[in-house]
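K.L.:
Sharing a structure with you now.
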Amino acid sequence: MLKLVKIHENDHLVEQCIALLNDEWPRDKTIRLKSLQKSSDNYPICLALVDEHENVFGFVKLSSELPFNRNIFLESLVVCKAKRSQGLGRFIMVEVEKLVKSSSFGRITLTTIDKEPFYIKMGFSRVFDANQSSQQTLPNSDSKHTAPPPMPSLFRASTMPANAKIFMYKDI
């Protein structure tokens, strides 16, 4: 049985989360620890995907995206390499959407380098691709939803993080 648990309520999982994150995106352990220690119910919130033995198989970090206060920004989502292609990423995203809905947020935004096909399968729309020569907002093909969000200044021009190539969103 898998479940998402809050890191700030499960300090004993921090080392496993750091190892999982650093396996995907190497970074100083102290910096990782400081980031995980900021987890709270008021955001940012860090969640670990664990089994009944409390083995960590996935991780997700969500932040409130200000000034777009009805948006949640998905900062990190990772599944351990040995467990990929088993539906764990989908499980995490379904649980994240439940959490976002229950918290009265209306939209999830994210950036990705190479996981766009996964997020499209999860119902996300691409707004911006840094690999394109011109920055453009792509039209929303689903008329039931509101227009794509304005591009946060973090993702404009030279301020675009080097590792964040595609900006996506999903209305909840």
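K.L.:
Of the residues that sit in the range 74-97 and are surrounded by fewer than 12 Cβ atoms within 10 Å (Cβ to Cβ) and assigned to a helix (DSSP H, G or I), which one is nearest to the chain's Cα centre (by Cα)?
P.N.:
Restricting to residues being surrounded by fewer than 12 Cβ atoms within 10 Å (Cβ to Cβ) and assigned to a helix (DSSP H, G or I), the top hit is Lys81.
K.L.:
Given the condition acidic (Asp, Glu) and buried (at least 18 other Cβ atoms within 10 Å of the Cβ), answer yes or no: does some residue in the range 59-68 qualify?
P.N.:
yes
K.L.:
Within the range 18-40, identify whether any single residue is touching a Phe, Trp or Tyr at 6+ places or on another chain (Cβ under 8 Å) and in a strand (DSSP E or B), and answer yes or no.
P.N.:
Checked the range 18-40: no residue is touching a Phe, Trp or Tyr at 6+ places or on another chain (Cβ under 8 Å) and in a strand (DSSP E or B).
K.L.:
A further question on this structure: Farther than 20 Å from Trp25 by Cβ, at pLDDT 95 or above and of a type in the set (Phe, Trp, Tyr), is that true of Phe91? Before you say what the answer is, go through the steps one by one.
P.N.:
Details: farther than 20 Å from Trp25 by Cβ: yes; at pLDDT 95 or above: yes; of a type in the set (Phe, Trp, Tyr): yes.
Criteria met by Phe91.
K.L.:
Do you know which of the residues in the range 1-56 that are of a type in the set (A, V, I, L, M, F, W, C) and surrounded by fewer than 13 Cβ atoms within 10 Å (Cβ to Cβ) is nearest to Ser103 (Cα to Cα)? Outline the logic, then answer.
P.N.:
We begin by selecting, within the range 1-56, every residue of a type in the set (A, V, I, L, M, F, W, C); these are 1-2, 4-5, 7, 13-14, 17-21, 25, 31, 33, 36, 45-50, 56.
From what is left, the residues that are surrounded by fewer than 13 Cβ atoms within 10 Å (Cβ to Cβ) are 1, 25, 31.
Working: Met1: 25, Trp25: 29, Ile31: 28 Å.
Ranking the candidates gives Met1 first.
K.L.:
Determine the pairs where a residue that is touching a residue at least 40 places away in the same chain (Cβ under 8 Å), located within the range 82-93, has a partner that is crowded, with 17+ Cβ neighbours inside 10 Å and of a type in the set (Gly, Ala, Ser) with Cβ atoms under 6 Å apart, the partner being 6 or more residues away or on another chain.
P.N.:
Once the first residue is touching a residue at least 40 places away in the same chain (Cβ under 8 Å) and sits in the range 82-93, its partners that are crowded, with 17+ Cβ neighbours inside 10 Å and of a type in the set (Gly, Ala, Ser) give Leu88/Gly58; Ile92/Gly58.
K.L.:
Applying the selection to the range 41-59, what residues are part of a loop (DSSP other than H, G, I, E, B), under 18 Å from the mean Cα position of the chain (by Cα) and either modelled with pLDDT of 95 or more or hydroxyl-bearing (Ser, Thr, Tyr) (or both)?
P.N.:
Correct list: Tyr43 only.
K.L.:
Restricting attention to the range 21-36, report how many residues are without any contact (Cβ under 8 Å) to a residue 24 or more places away in the chain and among the polar types (S, T, N, Q).
P.N.:
Residues in the range 21-36 being without any contact (Cβ under 8 Å) to a residue 24 or more places away in the chain and among the polar types (S, T, N, Q): 2 in total.
The values are calculated or read from the model by the stated rules, or taken from the named source; none is laboratory data. Predicted, not measured: the structure shown is a model, and the values here were computed from it. All Cβ positions, even for glycine, are placed from backbone atoms using ideal geometry, and neighbour counts span all protein chains on display.
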